[in-house]
Every structure is written in structure tokens, then in C-alpha cells.
Amino acid sequence: MSELRTLAIRVLPRPGESIDSWLEALARRSWTSLSALLDALGLPEVPARERTCRLVTSLSEGALRRLERQVTLPARRLDDAVLPAEIFGRRAPGWRFCPQCLRDSEGRWPTLWWLPWAFACTKHHGLLHRVCPSCGREPRHFLPRAVHLHQRAHCMRRTGRRNVCGADLTSAPQLNLGHGHPIVQTQTEINSVTLHPFTSADAVFVEVDRLLSALADSLRPSDLSAMSTACRSAWESVFTDATDSQSSLGSWRFHERRVRILTPEFLQREYTEGGKSLDAISREVGLPVAHVIRHTKNLGFTIYRGPRPITFNDDWLREQYVTQKRTGADIAQEIGTHSEVVRRRLEHLGIPRRPSGRSTPVLITKLDTSLPSDIRAAAEGTLHGWRRLRRFQISIFFPTLTTSASYLRLLPSTLTLQLDQLECAVGATLFHRSVRHAPQSPTRRGARLLRDLDRDDVQKLMHAALGSKMERIPDRDSINSGIATSDGDRAALTNLNARQHGGRLHIPPPMLPLLRHLFTRGNEESYLAQIHATTGMPVTTIFKQLKRLEEAGWLTGRRESPAERPSGGRGRTYYSLTPLAQCLQPSLTQPAETA
């Protein structure tokens with residue numbers, strides 16, 4: 001067997017330097033790739049394409065001693081260059097860095113930067129970066145290859161088969177916190193925790209958890225608000241990574257907390273006797289619900305996947321449902337269970353269920369006989385009687401059912417159906433429907449019902465039945481808007497004929513500016529662009545109104561002849577009042593709504 005080979009060129013590791021950093025410096029000094037150096041040193045535990053953390057956490061004690069002899073280092077010299085794999089668990093460690101430290105050390109990285117609870121640089125009083133500022137990824141995730149071909153302290157993250165990112169890590173912005181910041185002070189205390197490859201992870205976790213918990217409790221809102229956005233984001237991400245339940249430290253912290261908090265006495269008091277769900281308990285104590293369920297099950301408690309079993313007082317249930325006529329949902333809400341549980345219990349007791357909705361308070365309430373008979377007929381024993389009465393009371397304020405339905409935000413067909421049902425319940429016609437140019441109006445029976453609805457005792461009952469769903473009586477602006485809508489630009493025009501001459505004619509208000517313009521010009525012809533320039537009305541509105549006036553016999557129109565438009569192009573349409581319409585001119589000087 002050949003003797004152990006030693007290297008001709010040697011580079012001493014710096015105090016606290018990570019083994020991957022030292023081997024990279026050795027490869028640079030030997031002008032070779034890191035993979036070639038690992039092969040020469042005989043490290044089969046670390047393939048050339050493996051992650052960098054394998055060098056830091058997976059080297060055996062025999063491999064460390066062999067390395068020390070090959071480079072003639074003192075025994076145990078490399079113990080500070082590696083870390084125990086137990087502190088990382090199943091999650092691969094992430095590397096962080098301080099740009100100024102990299103610049104000062106010429107690209108040499110300390111072991112502390114691999115630790116999951118390394119978040120600040122105690123020398124420069126700033127937070128550590130976790131990703132390359134150029135590619136946005138961890139710069140030392142994989143083993144670098146041809147390190148001798150690239151500059152120190154540059155990102156060696158591969159971006160292709162032969163290319164690397166190559167960004168200068170020392171150019172990253174410094175995440176300054178300032179002297180005496182609590183985060184920096186805590187990091188100083190954490191760095192003093194003894195750590196070597198054979199340290200018990202639990203012993204380290206106890207001390208680190210104590211320091212991190214004290215830091216989290218001592219941080220004030222002013223400490224975080226004084227930090228820049230980049231610093232606050234970096235701190236939150238690092239602290240979340242270190243204490244996450246998937247990390248080794250986070251899993252240990254959750255295990256210790258649930259053993260300390262979720263004692264048998266606590267679960268007996270809160271879960272069994274108090275009736276709290278495990279989900280609610282997990283939110284209160286700040287533990288994942290899966291951990292709480294597993295721990296509760298291991299302690300021998302029964303796990304309820306749904307609602308807790310309810311112990312019923314059968315006599316009480318019979319009294320409430322049969323005699324008091326309460327609904328199953330109402331009873332279930334009082335005893336803290338689901339209505340389906342109450343239904344099954346009623347079936348078990350042989351109690352027949354009432355038809356759906358027959359136990360609703362509105363349906364079973366008997367009205368006082370002193371109330372008007374029409375109101376009792378409409379509201380007593382019906383589910384929505386009070387709502388129909390209220391909507392009838394509101395509808396009469398408007399000229400048509402369409403405008404009242406618009407105010408109530410209903411479809412006209414829906415409102416019509418409800419008012420038909422109201423008339424059916426009362427047994428009489430309550431209002432005359434609107435016809436052309438005649439608004440809807442109450443009948444004698446309907447007027448009496450409206451007077452009864454204004455009574456204070458009736459309004460009080462209506463408020464109690466409808467509550468917050470009771471619609472408001474329309475104000476004057478809403479009523480005027482409804483009247484304008486019913487007489488708006490879609491209203492029908494009265495056709496002119498000789499018999500109607502001198503009578504009262506319906507003219508929608510939006511048409512008045514157009515008619516005034518036409519009557520002012522008398523026998524002269526007008527065209528669309530001219531009317532638009534004079535009245536300021538929209539062109540589309542003018543065109544529609546002209547067509548309606550023409551159809552009703554108020555206007556005559558003619559197309560412009562080619563002789564009148566020698567330049568060519570689309571000819572105008574000229575409009576003039578008919579002789580019968582001109583007779584209305586004196587009336588248009590009167591109020592706007594009629595002529």
C-alpha cells in the first residue's frame with residue numbers, strides 16, 4: 001500500500017474559516033479546479049457535482065484527520081471548519097454573507113455563515129445577505145468547479161454548462177443596523193455558543209432558543225420601524241427560516257413547547273372539559289395543529305374529527321320543539337351543535353318533523369284582532385306578508401310599477417308578482433295599474449290599507465318583522481327622478497290629428513329644448529348639426545327625438561337635393577313643423593311639462 005501523499009503547495013486555513021472556503025483557496029493557489037483538488041485529496045464522500053454543504057456537514061472524522069496529515073496541519077485543526085449535520089435536520093443549510101467582510105478577507109468565508117441562526121455581522125453591525133444581488137440565488141449552493149478561472153468573492157452559481165453568474169458579492173449594499181442594535185447583540189451572544197462536529201444538537205438548541213426567544217420578546221416596534229425595508233425583509237426571512245417547523249431548530253422548539261404547554265392537565269381542562277377544538281388550541285398556543293393533534297393522541301385523549309357528542313335532555317328537547325314550536329336550527333344554536341344533530345335526535349325520539357318553514361316565528365305569530373282585517377289577512381300566517389305590504393306602500397309613491405321596481409332594485413316582474421299575491425291575500429284590487437299618460441293610483445280599498453299602514457302600532461310590528469331589511473320610504477328627489485323616468489326620452493308621444501287640436505298633449509321634458517328651437521324658427525327648416533349647435537343637446541338624442549316627432553306627425557323631413565349641395569357628399573335632412581304642430585306654439589311658452 002502506497003504512503004499517504006501530501007501537497008507540495010499549501011494554504012493554511014484561517015481561524016473560523018469554513019472548510020469549503022479553505023479548499024477553494026487551496027485550489028486557487030494550486031491553479032486547478034476544486035473538483036480536481038478533491039480527487040487528488042481522495043475525498044470520495046463529496047462527488048464533484050454535490051452540494052457545497054456536504055463538505056461542511058458530511059466529512060467523517062477519518063477524512064478530516066487524513067486531510068490534516070496531507071497538508072501537515074496540527075491535529076484537530078479542521079474541527080472548527082465543519083459543522084454537525086444534526087443542527088440542520090433534513091433541510092440543507094443556506095449560506096449567508098457580509099459584503100464588507102468578503103472584501104476585507106479577500107473572499108474567505110467563515111463557518112458561522114452556514115448556521116441557520118446566523119443573521120447579522122457583529123463586525124460591521126449589519127444583516128447578512130442570503131442571495132446574490134445579480135442572479136437572486138444562493139451563490140454557494142453547489143460546489144464551484146473552475147475556481148482558478150474566476151475572481152475571488154464572486155458568485156459561482158452556474159448559469160449554464162460552462163458559465164457562472166460571476167457577480168461581485170462585495171458590491172451588494174450593506175444592510176446596516178447601527179451600533180448596539182438588539183439583533184447584533186443577540187448575534188454576538190449566539191456566536192459564543194460552543195459548536196464543533198461532535199457537539200450535541202439539543203445542547204446547542206437550548207441555548208440558541210433561549211437567546212432567540214429573548215430577542216423576539218425584547219424587539220420593540222420602534223426597533224423594526226427604524227430599519228430600512230431591505231433590512232426588515234432580510235431579518236424576517238432569516239428569522240422565519242431558523243424557527244420554521246420544517247427546520248431542525250424549529251421542530252425542536254415546537255416539540256419542547258408542546259411538551260411544556262400541552263400537559264395532560266391542560267388538555268383535560270381546555271379540550272375535554274372546556275370543549276375547545278384542537279384547532280382553536282393550536283392558534284392560542286402558537287403551535288401547528290398537526291403537532292397538537294399528534295401530541296394529544298399520544299397522551300391517550302380521544303380525537304374528535306367533527307362536532308362533539310351532545311348529551312340531550314329529551315324532555316327539554318320535546319318541550320322546545322313540540323310545545324314552544326322552536327326550529328331545529330334555533331335549538332342547535334343554543335346548545336352549540338349542528339341542526340342535523342338535533343334532527344337525528346328528534347327522529348330517535350319518534351317526534352315527527354314539522355313541514356319546512358312552519359316553525360318560523362313570523363308564521364306562527366298571531367296578530368291582535370284590533371289590527372285592521374286587511375293587514376291581518378296579508379301578514380298573519382305568511383312568510384313575506386309584511387314585506388309585500390311595505391313594497392305596496394312604497395310603490396304608490398311612483399307613477400308606474402317599473403319606476404317603483406327600479407327604486408326597490410327589483411325586476412318589474414318580481415314586484416308585479418308580489419303585489420298580485422298581496423291582492424290575492426286581501427281579496428280585493430288595491431290599485432289601478434298605470435296606463436298611457438295616467439299614473440297608477442290606489443283604489444278605495446287600497447287607500448284605506450295605506451292609511452292603516454301609517455298607524456304607529458302597525459309600523460312597530462312591521463319594523464319588528466323586517467328589521468334591517470325594511471326598505472325606506474322614498475324621498476322627494478327619488479320620486480321626482482321616478483316621474484322624470486316615466487316621462488323620459490322613452491315615453492310615447494301623442495299623435496297629432498285634427499280632433500286633438502287644442503287638447504292637453506304629453507311632451508317629455510327632454511324634448512322641450514328641441515321643440516322650442518323648432519317653434520322659434522317657425523316655417524324655416526332646420527337640420528341636425530344646426531340644432532346641436534343651438535341647443536347643445538347630444539347628436540344621438542337629437543336624431544332619435546326628430547324621428548319620434550316625425551312618426552307622431554309633428555315634423556316633415558326632406559333630403560337635400562344634389563343642386564343644393566354641388567360639392568357632393570352626404571346630403572343633409574331638413575325638418576320643419578307640420579301646420580297642425582305649429583298651432584301649439586303659444587302653449588310652449590307655458591310650463592314645460594304640457595302643451
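For segment 106-182, taking Cα atoms only, Rg and Dmax work out to 13.7, 46 Å respectively.
Using the number of other C-beta atoms within 10 angstrom as an exposure proxy, rank SER225, SER468 with the fewest first.
SER468, SER225
Per residue, the convex hull spanned by the alpha carbons of segment 19-222 comes to 132 Å³. With the highest mean first, a sort of the peptides 286-297, 25-36 on other beta-carbon atoms found within 10 angstrom per residue produces 25-36, 286-297.
Toward the positive end of the charge dipole of the chain, with +1 on the Cβ of Lys and Arg and -1 on the Cβ of Asp and Glu, the farthest Cα among PHE398, ILE335, PRO116 is that of PHE398.
Pairs of Lys residues in the chain that lie 8 or more places apart, or on two chains, and have C-alpha atoms under 28 angstrom apart add up to 7. For segment 69-152, a Kirkwood radius taken over Cα pairs fed into Stokes-Einstein (4 °C, viscosity 1.567 mPa s) yields D = 88 µm²/s. Percent of Cα pairs in segment 212-333 per distance bin of 10 Å, from zero to the largest separation: 10, 28, 22, 19, 12, 7, 2.
Which order do MET470, MET511 fall in if you start with the one that has the fewest other Cβ atoms within 10 Å?
MET470, MET511
If you wrap the Cα atoms of segment 314-359 in a convex hull and average its projected area over all directions, you get 2.8 nm². For segment 364-484, treating each Cα as an identical point scatterer without solvent, what Debye log10 I(q)/I(0) comes out at q = 0.16 1/Å? Computed log10 I(q)/I(0) values: -0.74. Karplus-based coupling profile of segment 515-521, in residue order and whole Hz: 5, 4, 4, 5, 5, 5, 7, with θ = phi - 60° in 6.51 cos²θ - 1.76 cosθ + 1.60 and x standing for Gly or Pro.
Tell me, in nm to one decimal, what length is gained between THR194 and PHE266 on full extension, where the rule is 0.36 nm per residue of separation less the Cα-Cα distance?
On the way: separation 72, 0.36 × 72 = 25.92 nm, distance 3.58 nm.
Fully extending the segment from THR194 to PHE266 adds 22.3 nm.
Couplings for segment 205-220, taken from phi via the Karplus curve 6.51 cos²θ - 1.76 cosθ + 1.60 with θ = phi - 60°, read 4, 4, 6, 5, 5, 4, 6, 5, 5, 5, 5, 4, 6, 8, 5, 9 Hz in order; Gly and Pro are left as x.
Cβ crowding within 10 Å, taken as a proxy for footprinting-reagent exposure, orders ARG444, ARG391 from fewest neighbours to most as ARG444, ARG391. Each listed q (0.07, 0.12 Å⁻¹) maps to a log10 I(q)/I(0) for the chain from the Debye sum over equal C-alpha point scatterers, namely -0.79, -1.18.
Per-residue Karplus couplings for segment 389-405, computed as 6.51 cos²θ - 1.76 cosθ + 1.60 with θ equal to phi - 60°, are listed in order as 4, 5, 6, 5, 4, 6, 4, 5, 5, 10, x, 9, 5, 5, 6, 5, 5 Hz, Gly and Pro entered as x.
Annotation: amide H-H contacts under 5 Å for GLY126 (H modelled 1.01 Å from N, sequence separation of 5 or more, or interchain): CYS121, LEU177.
Residue separation of ALA230 and ARG409 scaled by 0.36 nm, minus their Cα-Cα distance, works out to 59.4 nm of gained length. Distances between placed amide hydrogens fall under 5 Å for VAL131 paired with no residue 5 or more residues away or on another chain.
Quick note: the coordinates plus some simple rules give every number you see, no bench work behind them. These numbers come from a predicted model, not from an experiment. Ideal geometry is used to build each Cβ from the backbone, glycine not excepted, and the neighbour counts take in all protein chains shown.
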